[in-house]
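The values are calculated or read from the model by the stated rules, or taken from the named source; none is laboratory data. Everything numeric here is computed off the predicted structure, so don't read it as measured data. Cβ: placed from backbone, ideal geometry, glycine included. Neighbour counts: every protein chain shown.
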Amino acid sequence: MQEVKDTLRASVYVTFDGRVIKQFRGPRASERFANEVRVLEELERKACPFVPRLLEVDRAQLKIVTTNCGSRVEHLDQKRQDEIFKELEEYGVRHDDPDKRNVTYRSQDGRFCLIDFEFATILEKNN
């Protein structure tokens with residue numbers, strides 16, 4: 001496995017077969033874990049094509065396994081970054097951490113994707 005991130009809040013690894021394993025820890029870990037699971041499930045129901053898909057959820061270990069959404073982006077202009085995060089809102093979710101570190105590039109289809117939804121908000125529907 002390749003370590004991608006190891007911080008006070010989470011560790012993230014990519015397995016040799018391409019799955020991403022994220023284990024939550026630190027302050028409010030269970031709350032952040034539950035939120036990320038809830039948001040990813042909501043985005044999957046809405047068929048959002050540019051976010052990871054949940055493959056496994058381990059509530060006891062606060063661990064999720066997802067599909068890989070590509071590699072980290074090194075350079076991205078602010079206008080394009082803003083467009084990507086705005087597009088997410090069309091699926092009813094605001095990311096709430098709209099930083100370049102949460103954008104990946106999927107070379108298979110040339111698509112920018114978003115990751116790391118532990119602080120995201122599911123938006124209320126406008127009636």
Problem - Flag if Phe112 is in contact with a Lys or Arg (Cβ under 6 Å, 6 or more places away or on another chain), at pLDDT 95 or above and surrounded by 15 or more Cβ atoms within 10 Å (Cβ to Cβ) - result: no
Exercise for the section: Could you look through region 9-60, keep only residues that are more than 23 Å from Gln108 (Cα to Cα) and either in contact with a Pro (Cβ under 8 Å, 6 or more places away or on another chain) or among the hydroxyl-bearing types (Ser, Thr, Tyr) (or both), and pick out the one that is surrounded by the most Cβ atoms within 10 Å (Cβ to Cβ)? Expected result: Ser11
Problem - Filter result (in contact with a strand residue (DSSP E or B) (Cβ under 8 Å, 6 or more places away or on another chain) and farther than 21 Å from Gly70 by Cβ) within region 1-22 - result: Arg9
Handout entry: Residue ranges of strands (runs of 3 or more DSSP E) in region 63-127 with at least 1 members under 14 Å from Arg38 (Cα atoms)
Key = 63-66
Handout entry: Index of the failed condition, Leu54 passing every other in (1) under 11 Å from the mean Cα position of the chain (by Cα); (2) more than 16 Å from Arg19 (Cα to Cα)
Key = (2)
Practice task
Counting only residues that are hydroxyl-bearing (Ser, Thr, Tyr), give me the strands (runs of 3 or more DSSP E) lying completely in region 9-58 with at least 2 of them.
Solution key: 10-14
Completion exercise
Pairs returned, first residue in region 72-96 that is within 17 Å of Phe119 (Cα to Cα), second residue that is exposed (fewer than 12 other Cβ atoms within 10 Å of the Cβ) and modelled with pLDDT under 95, beta-carbon separation under 8 angstrom, 6 or more apart or interchain, are Gly92/Lys125
Problem - Failed item, numbered, when Tyr91 is tested on (1) closer than 18 Å to Ile122 by Cα; (2) modelled with pLDDT under 95; (3) of a type in the set (Ser, Thr, Tyr) - result: (2)
